[in-house]
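The values are calculated or read from the model by the stated rules, or taken from the named source; none is laboratory data. Being a predicted model, the structure only gives us computed values, none of them experimental. FYI the Cβ positions are ideal-geometry reconstructions off the backbone, even for glycines, and counts take in every protein chain you see. Side chains included, ligands, DNA and RNA excluded: accessible areas come from the protein's heavy atoms. Shrake-Rupley method; radii C 1.70, N 1.55, O 1.52, S 1.80 Å.
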Amino acid sequence: MEERRPLLARSPRVFGRRWLVLIVFSCLGFLQGLVWNSWGPIQVSARAVYGFSPLDIALLVLWGPIGFLPCFFFMWMMDKKGLRVTVLLTMAFMVVGGGLRCVPVSDLSLRRRLIHAGQLMNGFAGPTAMNAGPFLSTTWFPPDERATATAIASMLNYLGGAGAFLIGPLVVPAPPNGTFSGLLSTDYIGSIKDRIEAVLYAEFGIIALVFVAVVAYFPARPPVPPSIAAASRRLSYRSSICKLLSNVRFLMIALAYAIPLGFYAGWFGVFDLILTPIHVNQVDAGWIGFWSTVGGCVVGIAVGRFADSFRGILKPILVLLFSGATLMATWFTLSFLGNITHLPLTTATLYTSCILLGVFINSSVPIFFEMFVETVYPVPEGITCGFVTFLSNVFAGVLLVFLTFYHTDFSWLNWCLTGSCLLSLFLILCFRESYDRLYLDVFISV
């Protein structure tokens, strides 16, 4: 075991600037999620303007999971170099990616390649945006605020994805009746293109501003750690990976997170395509996606605060959330088989099942993260959460790879999501929880 941080020489102390650090990091996460989900909500318009195929739309979403391939490098950097260097590198990828999407070239083939490259660069920012939240909360926040900080840092990435469902369809008009470029006038296509490029330029400008803010102020850690756990010894990078791979309980709960969250991310990324066969336009699909994620973010932060107030009940919270997720996913899937199940597929049932499904699944993320860290402590938080988010993106990538081969019918995606929620609920029920980090802070510090 190597000592990764100095032992606490002074009493734990909390600094007010922790909230500023959390806000800046949350902006990073929001923008990364926003850029990742840019194209799915406006896929009809994008296909008309740039000549994207359904395969292109699926690939634009797939660049997110592919961007997780260097996840272990970011885990190593967070462990060795700290949060500031990691966040700076992450923001640099986002700036480059946002810039590539804005390069004004007239050749549509080249423009499509640049957009794909920009989405890949943004995908490289995913490992930090999605899994650094628990590391930040432990580094800056006291034990009674950790779950709340983890929830805010984690949920803002999902909120960015929801923002794309709102911004894209509201700013970019959809071609009438889903028609494509061959049936539209040049002026009409030009007006849609101007709207899309306005969104791209605006996103790039905001990313650049956040990058400047990170350069100006984003310290690696506070002068004095906020808790005993924040200053305690941690395992080395190699020892951490070995412990994660050899811990059966951790692998069980990691799969309970990775399979449904990965499948939901892939399903969510092509949500508009799933609803197209039942004649739901991209504006309605956008509102469904927006409210399902916003609801999940609000509930996730509330649940995180609840977990801070009543410690040691992470497993019961997860059981409750995934019971609801399984029920909603089943309802949504069976609604598509109305001629067999006689379940009505109306606007009200569609909104209700999708929004509640997103609420239950998305709000589980910070609770899972806290459970991971407690289960394998003293493995560093960045390594633990990096491992599980990488695994989640592997499953999302597998789902989207299958989508590139089976993209004429999307009903199988609904069945995959329902089955993954049921499997996760079973694994959570079988999991034996422990709270090693909480024990250190509550009992050792007394």
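Among Ile259, Leu320, Gly382, whose Cα projects farthest towards the positive end of the dipole of the chain, with charges put on the beta-carbon of Lys, Arg (+1) and Asp, Glu (-1)? The residue sitting most towards the positive pole is Gly382. To the nearest ten degrees, helix 365-376 and the longest principal axis of the Cα atoms of the chain are 40 degrees apart.
Give me the percent relative contact order of the chain, please, defined on Cα pairs under 8 angstrom at least 6 residues apart. Mind showing how you got there, number by number?
Working: 741 pairs, mean separation 121.3, N = 446.
Dividing the mean separation by the residue count of the chain yields 27 percent.
Taken about its Cα centre, the stretch 19-176 carries a charge dipole of about 320 debye when Lys and Arg each add +1 at the Cβ and Asp and Glu each add -1 at the Cβ. Taking Cα centre as origin and charging only the Cβ of basic (Lys, Arg, +1) and acidic (Asp, Glu, -1) residues, the dipole magnitude of the stretch 158-267 rounds to 960 debye. Along the axis of the charge dipole computed for the chain (Cβ charges of +1 for Lys and Arg, -1 for Asp and Glu, origin at the Cα centre), the listed residues Pro54, Leu438, Leu345 are led at the positive end by Leu438. With both labels modelled 7 Å from their Cα along Cα-to-Cβ, the Leu55 to Phe310 distance reads 5.2 nm.
Tell me, what is the per residue accessible area of the chain in Å², probe radius 1.4 Å? Before the final figure, lay out the partial values.
On the way: 17060 Å² over 446 residues.
Ligands and nucleic acids excluded, the figure is 38 Å² per residue.
So how strong a dipole does the chain carry about its Cα centre when Lys and Arg Cβ are +1 and Asp and Glu Cβ are -1, to the nearest 20 debye? Walk me through the numbers on the way to the answer.
Details: 28 positive and 21 negative charges, 257 e Å.
Computed charge dipole of the chain: roughly 1240 debye.
Between Leu89 and Asp284, residue separation times 0.36 nm minus the direct Cα-Cα distance comes to 66.5 nm.
Listed by chain and number, the lysines placed with their C-alpha closer than 22 angstrom to that of Lys315 are Lys243; residues fewer than eight positions away on the same chain are left out. Against the main long axis of the alpha-carbon atoms of the chain, helix 54-66 sits at an angle near 10°. Inter-label distance, Asp194 to Phe73: 4.1 nm, where each label sits 7 Å from its Cα along the C-beta direction. Estimated at 0.36 nm per residue, the fully extended path between Arg233 and Phe402 surpasses their Cα-Cα distance by 56.5 nm.
Grab the beta carbon distance between Phe15 and Ala202, set R0 = 45 Å, and tell me the FRET efficiency rounded to 0.05. Mind dumping the intermediate values first?
On the way: r = 33 Å, r/R0 = 0.74.
Given R0 = 45 Å and the Cβ-Cβ separation, E is 0.85.
In summary, the chain shows an alpha-carbon radius of gyration equal to 0.97 times the 2.2 N^0.38 Å reference for compact globular proteins.
Volume per residue, Å³, of the convex hull around the alpha-carbon atoms of the stretch 46-112? Don't jump to the answer; show the numbers that get you there.
On the way: hull volume 6.0 nm³, N = 67.
Taking the convex hull of the Cα positions in the stretch 46-112, it is 89 Å³ per residue.
Kindly identify the stretch 1-150 as rounded, prolate or oblate by the Cα gyration tensor criterion: order the square roots of the eigenvalues as a ≥ b ≥ c, call it rounded if a/c is under 1.5, otherwise compare a/b with b/c, prolate if a/b is larger, else oblate. Prolate. Apolar share of the accessible surface for the chain: 70 percent from carbon plus sulfur atoms, 1.4 Å probe. For the chain, the longest principal axis of the C-alpha atoms and the axis of helix 186-216 are separated by about 10°.
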